[in-house]
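The values are calculated or read from the model by the stated rules, or taken from the named source; none is laboratory data. What you see is a predicted model; the values in this text were computed from it and never measured. Virtual Cβ from ideal backbone geometry, glycine too; neighbours counted across all protein chains shown.
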């Protein structure tokens with residue numbers, strides 16, 4: 001049997017028969033046990049630590065419905081794969097899926113705030129250290145030999161783009 005994961009029995013993730021839910025009754029902690037008993041989620045002899053077995057025996061929608069009747073906030077906890085397929089999040093650019101330089105999928109965080117009049121769309125990829133040095137100096141009017149001299153005496157850094165690859169997973 002999986003144990004709750006969170007701050008305590010009334011602010012935790014719970015395994016259900018078909019997935020996971022998150023229960024957040026931290027603001028009403030003192031009333032939680034009584035509310036859970038009123039809707040028969042807990043028996044009179046049980047307390048919040050007994051929730052694990054009771055919630056595991058129900059589906060996520062059933063558990064959320066029962067908790068909602070008790071006035072206890074709860075929601076479905078989605079798997080990463082479910083979140084990555086959420087078209088609303090993709091359209092809002094909350095994250096971006098791209099192909100890394102070594103050919104693997106790469107998930108990157110996206111925009112967390114939107115500004116309707118000045119919204120920029122698309123990936124924001126940082127330049128490598130010195131990636132644009134030569135071009136900027138050329139546009140400023142420096143000759144190629146002057147640029148090479150600045151680079152050779154290390155007054156200016158010249159480099160390539162950042163390689164976007166993930167290190168080996170630790171698991």
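In the stretch 28-64, how many are more than 27 Å from residue 82 (Cβ to Cβ) and assigned to a helix (DSSP H, G or I)?
The qualifying residues number 14.
Considering each of 103, 114, 141, 110 in turn, give the residue that is touching a strand residue (DSSP E or B) at 6+ places or on another chain (Cβ under 6 Å) and free of Cβ contacts under 8 Å to residues at least 24 places away in the same chain.
The unique qualifying residue is 110.
Mind listing just one residue for me: the one in the stretch 22-57 that is more than 12 Å from residue 9 (Cβ to Cβ) and in contact with a strand residue (DSSP E or B) (Cβ under 6 Å, 6 or more places away or on another chain) and, of those, modelled with the highest pLDDT?
Top of the filtered list is 22.
Search the stretch 76-87 for residues that are closer than 15 Å to residue 98 by Cα and pair each with any residue that is surrounded by 13 or more Cβ atoms within 10 Å (Cβ to Cβ) when their beta-carbon atoms are under 9 Å apart and the residues are at least 6 apart or on different chains.
These pairs meet every condition: 84/90; 84/95; 84/107.
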